[in-house]
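Asker: Pasting in a structure now, in structure tokens, and then I'll have a few things to ask.
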Amino acid sequence: MGLGAQLIGWPEGFVEKFVEEGFFVISFDNRDCGLSTKTDGEPHDSAELLISVVAGEGAISNYSLSDMAKDAISLLDFLGVEAAHIVGASMGGMIAQTVAIEYPDKVLSLTSIMSSTGKSEEFTPTEEALNALLTAPENSRAQIIEVNVSASQTLSGPHWNESFARDQAQKNFDRSFHPKGVGFQIGAIAMSGDRTSQLLNLEMPCLVIHGSLDPLLPLHCGVSTADAIPNAELLILEDMAHDLPQVYWDEISEGIKSITSKA
């Protein structure tokens, strides 16, 4: 899953669409979120790290996307899975791309959803989306939930569901509240740079999914990702933003199933 997002960020109904087709689905919390290990100390300032990303400057952080990719591979090894279809959304798409680049023998197919190549000049979020990403947490459970519901609305498109967003915000808080983790994960993105030249070498079937209304990682991020990967398929969803609205679960899952069939 994406920045600061726990494994429950994958909607249960969406995951069920793969289970019903006989897939064995593995979802997990990235480091520094959910129930996974948390990094000691304080992260670098998130705003400063994002300025480094936009400027194309290198950043030194506690770990990189390569380390997060290794986490995923270590989990597969622990579970005895020799190779898998890898799906990632947003930062998770960046991690999934890194898994495919660095561990191609472990990847049967790659699906990158609402993500990017890491090319600095393509990171052009709206001011509202950037503010939603960097809004400091409040003090009480109720305030924190409201902030997250508001951020969800900012990042989502016309199919935003307030009831679903509020339910998710409550579940996320009650399962794990670790705002420092976002700073560490932004550090991993900032430290990792542009993957374009490495994506050119991928040989497995690849699908890139992106919403035309994405305010955080605009559509050109998805187009560039698909252009960089040889023979990649591109699925553009015309009124999707930086979210996974239920109205598109069928289309997204069918696209992923189709790319897995080509492995």
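Asker: Which one of these is crowded, with 19+ Cβ neighbours inside 10 Å and either within 18 Å of residue 2 (Cα to Cα) or of a type in the set (Ser, Thr, Tyr) (or both): 199, 216?
Answerer: Step by step, each of 199, 216 is checked, and only 216 is crowded, with 19+ Cβ neighbours inside 10 Å and either within 18 Å of residue 2 (Cα to Cα) or of a type in the set (Ser, Thr, Tyr) (or both).
Asker: Continuing with this model, one more query. State whether one or more residues within segment 36-56 are at pLDDT 95 or above, of a type in the set (Gly, Ala, Ser) and in contact with a strand residue (DSSP E or B) (Cβ under 6 Å, 6 or more places away or on another chain).
Answerer: No, because not a single residue in segment 36-56 is at pLDDT 95 or above, of a type in the set (Gly, Ala, Ser) and in contact with a strand residue (DSSP E or B) (Cβ under 6 Å, 6 or more places away or on another chain).
Asker: Could you list, in sequence order, the residues of segment 75-102 that are free of Cβ contacts under 8 Å to residues at least 60 places away in the same chain, of a type outside the set (Asp, Glu), farther than 12 Å from residue 30 by Cα and out of contact with any strand residue (DSSP E or B) (no Cβ under 7 Å at 6 or more places or on another chain)?
Answerer: Listed by number, the residues that qualify are 78, 79, 80, 81.
Asker: Hand me the list of helices (runs of 4 or more DSSP H) wholly inside segment 157-263 holding 1 or more residues that are over 15 Å from the mean Cα position of the chain (by Cα) and of a type in the set (Asp, Glu).
Answerer: In segment 157-263, the matching helices (runs of 4 or more DSSP H) lie at 162-175, 219-228, 249-260.
Asker: Turning to a different aspect of this structure: Among 230, 205, 215, which is the only one that is closer than 11 Å to residue 111 by Cα, modelled with pLDDT of 95 or more and of a type outside the set (A, V, I, L, M)?
Answerer: Going through 230, 205, 215 in turn, just one is closer than 11 Å to residue 111 by Cα, modelled with pLDDT of 95 or more and of a type outside the set (A, V, I, L, M): 205.
Asker: Looking at segment 101-151 only, could you name the residues that are assigned to a loop (DSSP other than H, G, I, E, B), buried (at least 16 other Cβ atoms within 10 Å of the Cβ) and among the aliphatic types (A, V, I, L, M)?
Answerer: 114, the sole residue that qualifies.
The values are calculated or read from the model by the stated rules, or taken from the named source; none is laboratory data. Keep in mind the model is a prediction, meaning the values are calculated, not measured. With ideal geometry, Cβ positions are generated from the backbone for all residues, glycine too; neighbour counts draw on all protein chains shown.
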